[in-house]
Amino acid sequence: MRKLKYAVIVLLVVGLVATGVTITLINGTNNHQINAAGSPINTSWNPVYVDDQVETPLSKADLVKEISPAVVSITTQTLSYNVFLQPVPQSGAASGVIIDPNGYIVTNNHVVDGAESLKVTLNDGRSFNAVKWAGDSATDLAVVQIQPGGDVPYAHFLSNSLEKIGLLEDVVAVGNALALPGGPTWTEGVVSYLGRSIQESNGVVLDDLIQTDTAINPGNSGGPLVNMAGQVVGINTAIASGAENIGFAISTDAAISTVYSLVTKGSVVSAWLGVSTLTVNQTIKTQYGLSVDYGALVVQVVLGSPADNGGLRSDDVIVKLDDVEIRDSQGLGTAIQSHSPGERVRISYVRGHSNLTTDVTLGQRPST
């Protein structure tokens, strides 16, 4: 598999599903657990940051004025060890966006993962140590809490952004690019694709992504992608290393429900099958010698997972879950997430030229 060049800062690499492109998360630390078991931030939270309708576009000057106060920079402190087993402090820089006047901030999970401490700097120059944070590796989202001592400005998320923005629509990325001093960096581009999926090196697939040609750089992780009305439509998370103008943001379709679970529960509980898959297309069909031209091709089965216990194995093609036809990997993920852990489902799949079924009991997705 051909790999393109690494980006300026490479801390965690994932591969685009069914291609040979290298994807780089635009800031990261390591794979340790985070934040004292991810305790809830506010179990009775009533979110006020979600808009159901697209608002009137703003002038660029007004857009900057509207969004700037809600964008923050995040400095992480981690601890690693040298060859002599001596502790070596390390720091990283990323971005976030405030979603609640009490100081709740959305960023990426790979920003906070493994951090010993987090420092949040607001647009007005004030800095606060994070008092709590919780993250979800499956969606690469996290929520950080600060205690600013009073209300702070917050941004509004546009609900179901995949359905409410269009291809070639203008969008703006904001963030702490390259940790440059003096304030956030603003870049403008368009929506290049809606509903893209990328697969991390650990097999976790991020679905419902917005692809954009907006310049996204190291340090932009966790910063907002906004429409011209100043509404957040995505959270910047990854870039295609060595390619030009290919960046990815987590859409609000995935973000809003995940954020709510992280704030109120400290974690996201969701169903799990235990497979890594590729979307079957003509290229994949030819490469693997498949007898079907659609579905989700199983490329890895986690040992002891529901899929393993149900007899699924590599090179099987999942084509249906209960009565839902599975056309691609994203469809499989969506179908699984419509169920709860412990529910029993029937999976229809193709092995060679045989049509088979198996009944499995979905598990709870592991935290890492």
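Residues in segment 37-67 that are among the small types (Gly, Ala, Ser), surrounded by fewer than 16 Cβ atoms within 10 Å (Cβ to Cβ) and assigned to a helix (DSSP H, G or I): Ala37, Ala61. Here segment 218-270 is the region considered, the condition is being small (Gly, Ala, Ser), surrounded by 22 or more Cβ atoms within 10 Å (Cβ to Cβ) and touching a Phe, Trp or Tyr at 6+ places or on another chain (Cβ under 8 Å), and the residue that is modelled with the lowest pLDDT is Ala238. The set of residues from segment 271-306 being hydroxyl-bearing (Ser, Thr, Tyr) and either more than 17 Å from Ala138 (Cβ to Cβ) or in contact with a His (Cβ under 9 Å, 6 or more places away or on another chain) (or both) comprises Thr279, Thr283, Thr286, Tyr288, Ser291, Tyr294. If you go through segment 209-228 and keep only what is assigned to a loop (DSSP other than H, G, I, E, B) and under 22 Å from Asp51 (Cα atoms), you end up with Gly222, Gly223, Asn227, Met228.
The single condition from (1) in contact (Cβ under 8 Å) with a residue 24 or more places away in the chain; (2) not in a strand (DSSP E or B) that Gly189 fails is (2). For segment 333-368, filtered to residues that are out of contact with any Phe, Trp or Tyr (no Cβ under 8 Å at 6 or more places or on another chain), over 16 Å from Val280 (Cα atoms) and basic (Lys, Arg), the residue that is surrounded by the fewest Cβ atoms within 10 Å (Cβ to Cβ) is Arg344. Within segment 296-310, the residues that satisfy the criterion of being assigned to a loop (DSSP other than H, G, I, E, B) and closer than 12 Å to Val275 by Cβ are Val302, Leu303, Ser305, Gly310. Of all the residues in segment 109-158, those that are part of a loop (DSSP other than H, G, I, E, B) and either modelled with pLDDT of 95 or more or closer than 16 Å to Ile98 by Cα (or both) number 18. Residue-level check: of (1) at negative phi; (2) within 15 Å of the chain's Cα centre (by Cα), Val263 misses just (2).
Consider segment 311-332 and keep the residues that are touching a Ser or Thr at 6+ places or on another chain (Cβ under 6 Å) and assigned to a loop (DSSP other than H, G, I, E, B). The one that is surrounded by the most Cβ atoms within 10 Å (Cβ to Cβ) is Asp328.
The values are calculated or read from the model by the stated rules, or taken from the named source; none is laboratory data. Bear in mind that the values here come from a model prediction, so they are computed numbers and not experimental data. In this analysis, Cβ positions are derived from the backbone assuming ideal geometry, glycine residues included, and neighbour counts consider all displayed protein chains.
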